[in-house]
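As structure tokens, the structure follows; a few thoughts come after it.
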């Protein structure tokens, strides 16, 4: 039995070495490498899109898992995406989330729970559609809201300016694609 395992291990190593030889001896292409794609939540997405959706899910896990309303959870994702669209912040999701002192409830080490990933992908798809068409695709918070503060009452309160309590927080109307 052990001889079979050793033989299988050697065969695997030879195959890997052959693959490495082929890979390292391939001619270098002058053009950009092709983008990797994968099936994810009903759509074919780039690896970068999947990474951004997973990062948003981790943010939701850390920042909004105790929030009662799906609309308010979705608004947290919209806040991140609003920042991506604004020149004052980086132009990708992960860089926005990893800015110092911005999202205390985000860590790349957090889990990607199914509920958070599905919601993050839904909002991400709506945002992508909105950017491509210029039409509202189910936005739950205006594009000029960049901050929120959580509360122990199970709600997040959204604002346009950081710590500007002189202005009221956003009040959600009936125009939400989510059943709360």
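Readers should treat all values here as calculations from the given coordinates under stated rules, not as data from a laboratory. Not measured: the values here are computed from a predicted model. Here the Cβ positions follow ideal geometry from the backbone for every residue, glycine too, while neighbour counts run over all protein chains shown.
Just to be sure I understand, how many residues within region 38-50 are loosely packed, with under 15 Cβ neighbours inside 10 Å and assigned to a helix (DSSP H, G or I)?
2
Looking at 118, 123, 112, 84 in this structure, which one is buried (at least 21 other Cβ atoms within 10 Å of the Cβ) and in contact (Cβ under 8 Å) with a residue 12 or more places away in the chain?
123
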